[in-house]
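Single-structure report; data block below.
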Amino acid sequence: MAKIKKLLVANRGEIALRIMRSAQEMGIKTVAVFSEADRQALHVRFADEAVCIGPPPSAQSYLVMDKIIAAAHETQVDAIHPGYGFLSENEDFARRVKEAGLIFVGPSAESMEIMGSKLGAKAAVSKFNVPLVPGTAEPVTDVSVAKIIAKEIGYPVLIKASAGGGGKGMRIVTQENELQEQMERAISEATSAFGDGSVFIEKYVSEPRHIEFQIFGDQHGNVVHLFERECSIQRRHQKVIEEAPSSILTPELRKKMGEAAVNAAKAANYYNAGTIEFILDEKMNFYFLEMNTRLQVEHPVTEQITGLDLVKLQIKIAEGEKLPFRQEDLKIHGHAIEVRVYAEDPANNFLPDIGTLKTYRRPQGHGIRVDDGFEQGMSIPFYYDPMIAKMICHDETRERAIEKTIRAIHEYEITGVETTLGFCQFVMHHHAFRSGKFSTKFVEQYFKPEVLKSEMTDVEEMIASVLASELISSATQNQPTDVVQKTESKWKKNRA
Ligand code: ADP
């Protein structure tokens, strides 16, 4: 077994910091890489050593394999952790890291290759008794062929890019006369985003839930799942709030989906951390969507309910250790909710709203974890993903985790940019979310930007009334009028 003594993290922001923290606890030295835009970034300050790898655009820095491997040689590390995004799911990178005599903290290049395309992944898992969304097994290029297929599947259908990610190259088609235009758009979007224009057609499941399973495998053939994450609160087909466990799964369905997830991982001889994404329809039928061959953004909710540090586990697996537990040893403890704090304007179609964090105060207290890469006064670079932080609240029950999230969002102070906090507060108060009866259509069905636009929003009024009634009932000396003053927005842009 090769012990890792020094690790290069080929990433930036909160995830680079999160990985380095676990590495440091394991006695492993850390190396950061950074672009010229990230010279002052927290991951650079945290690392034992740091290497500049080029200009701000990621295509000239975080995505350049040669520069990262050269930095690894220069600093004499023995392993590279890719984080998420950037090169994390690039099988050539995994291969090159190995060829350079270094350990890649992740799956094998071969597994990544199998799961790298959505179509390839579907073909692989279908042999392992994993249910698929009805659709084509091959890429479609001819519109007349697509029309025949779509008719067979039945409208609405979804056109998807096989190389897709981040919701790009995905188009819903509700009737035949839209097919040609949407297909052309999907192909051109996929070509420009991924350099691969292959698209395929899937049944569009109306009002599904996105439920994914965290899996872990070792290099000795053992695979387990660490339960599910519910990720149905999305905008633009991308997650904003995640929770574990899902409020809708019965123990029986959890067992069935968990077994399917383990089988899907086995279909690719998978080891290290991975995620099997499913959608669940209204009749509780589940279908495989894709596998993500890396640590997910939302992995902390799984850590909170299992008590495991997934990064430490990834490192141990990469060193060749066996999984330290069996499936039957794992249990769910309480409930965790993650809200993603993006520098985006929910009142303006969630468009990025980057700028300087004039005020930045994290919430604190029992059961609250904030993973971020910023401090007050720092600017959010224009070049990268505009996520400021992930806030994870953990408590005994879902209800308590929701109440904790409400309190923590209320305590979070960010000015200088618009953020998704107000939107997340809206979700936490919404009856559909609270009752557990919601789908990926939540934003479309319930969210209206107007609730966030007024100075005193509906959400804040709701918080005010909840707080006021709590205060009254606990007979404290505070007057409800004070409470109303205190609930003025702290997430709004302070342009002054
Ligand atoms: P990406 O890799 O681009 O993120 P995914 O395949 O993971 O794409 O899908 C992202 C989201 O799109 C899902 O979480 C779900 O909300 C929606 N989606 C994907 N496929 C379907 C489908 N067949 N029917 C309905 N919604 C879907």
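K437: which lysines have alpha carbons under 28 Å from its alpha carbon, excluding same-chain residues fewer than 8 sequence positions away?
Leaving aside lysines fewer than 8 places away in the same chain, those within reach of K437 are K160, K168, K203, K239, K255, K256, K283, K331, K390, K404, K448, K453.
Which length gain, in nm to one decimal place, applies between K5 and E411 when the Cα-Cα distance is subtracted from 0.36 nm times their residue separation?
Length gained, K5 through E411: 142.2 nm.
Taking the Cβ of each residue in T250, T174 as the centre, tally the other Cβ atoms inside 10 Å and list the residues starting with the fewest.
Going from sparsest to densest Cβ surroundings: T250, T174.
Just how large is the dipole of the chain about the Cα centre, in debye to the nearest 20, putting +1 at every Lys and Arg Cβ and -1 at every Asp and Glu Cβ?
With Lys and Arg at +1 and Asp and Glu at -1, about 500 debye.
Could you tally the net charge around I153, taking each other residue with its Cβ under 13 Å from the Cβ of I153, Lys/Arg +1 and Asp/Glu -1?
So the environment of I153 carries a net charge of +1.
If packing is taken as the average number of other Cβ atoms within 10 Å across a peptide's residues, how do 317-324, 80-87 rank, most packed first?
Top of the packing list down: 80-87, 317-324.
Report Rg(Cα)/(2.2 N^0.38 Å) for the stretch 297-435, keeping two decimals.
For the stretch 297-435, the normalised Cα radius of gyration is 1.18.
Taking the highest mean first, how do the peptides 90-96, 28-34 order by number of other beta carbon atoms within 10 angstrom per residue?
Ranking, from highest mean packing down: 28-34, 90-96.
Please arrange C393, C231 by counting, for each residue, the other beta carbons lying within 10 Å of its beta carbon, fewest first.
Fewest-to-most Cβ neighbours within 10 Å comes out as C231, C393.
For the pair I148/K312, report the inter-label distance in nm, with labels modelled 7 Å from Cα in the Cβ direction.
About 5.8 nm, to one decimal.
Choose one of V133, F325, F374: the residue whose Cα lies farthest towards the positive end of the charge dipole of the chain (beta-carbon charges +1 Lys, Arg; -1 Asp, Glu; about the Cα centre).
F325
When the dipole is taken about the Cα centre of the stretch 209-449, and only Lys, Arg (+1) and Asp, Glu (-1) are charged at their Cβ, what size is it in debye, to the nearest 20?
320 debye
Stokes-Einstein D for the stretch 6-105 at 4 °C, 1.567 mPa s, Kirkwood Rh over Cα pairs, in µm²/s?
Translational diffusion coefficient: 100 µm²/s.
Which length gain, in nm to one decimal place, applies between A137 and S188 when the Cα-Cα distance is subtracted from 0.36 nm times their residue separation?
Between A137 and S188, full extension yields an extra 16.3 nm.
Which residue, chosen from I4, F286, Q238, occupies the Cα position most advanced towards the positive end of the dipole of the chain, where the dipole is computed from +1 (Lys, Arg) and -1 (Asp, Glu) charges on Cβ about the Cα centre?
With unit charges placed on the Cβ atoms, the residue in question is I4.
What FRET efficiency, computed as 1/(1 + (r/R0)^6) with R0 = 51 Å and r the Cβ-Cβ distance, is obtained for E110 and I248, rounded to the nearest 0.05?
0.90
Past 19 Å, Cα to Cα: identify those pairs from K6/K266; K29/K312; K3/K29, in the order given.
Beyond 19 Å between Cα atoms: K6/K266.
What's the exposure ranking of I279, I148, going from fewest to most Cβ atoms within 10 Å?
Going from least to most buried by this count: I148, I279.
Taking the inverse of the average 1/r across all pairs of different Cα atoms in the stretch 117-263, what Kirkwood radius in Å do you get?
With all distinct Cα pairs of the stretch 117-263 included, I get 16.7 Å.
Report the full-extension gain for the segment Q175 to K437: residue separation times 0.36 nm, less the Cα-Cα distance, to one decimal in nm.
91.5 nm
For a Förster distance of 30 Å, can you work out the FRET efficiency between the beta-carbons of E396 and R326, rounded to the nearest 0.05?
0.70
Please report the base-10 log of the normalised intensity I(q)/I(0) for the stretch 171-220, using a Debye sum with one equal scatterer per alpha carbon and no solvent, at each q in 0.22, 0.28, 0.29, 0.33 (1/Å).
Debye output, listed in q order: -0.88, -1.04, -1.07, -1.19.
Treat each spin label as a single point 7 Å out from the Cα along the C-beta direction, and report the Y446 to E36 distance in nm.
Between Y446 and E36, the label points sit 4.7 nm apart.
In vacuum, with every alpha carbon of the chain counted as one equal point scatterer, what does the Debye formula give for log10 I(q)/I(0) at q = 0.08, 0.12 Å⁻¹? Two decimals, please.
Values returned for q = 0.08, 0.12 Å⁻¹ are -0.50, -1.17.
For a protection proxy built on the mean count of beta-carbon atoms within 10 angstrom, sort 212-220, 372-380 highest first, please.
With the highest mean Cβ count within 10 Å placed first, the list reads 212-220, 372-380.
Each reported figure results from applying straightforward, stated rules to the coordinates on display, with no laboratory input. Since the structure is predicted, the reported quantities are computational estimates derived from the model, not experimental observations. Ideal geometry is used to build each Cβ from the backbone, glycine not excepted, and the neighbour counts take in all protein chains shown.
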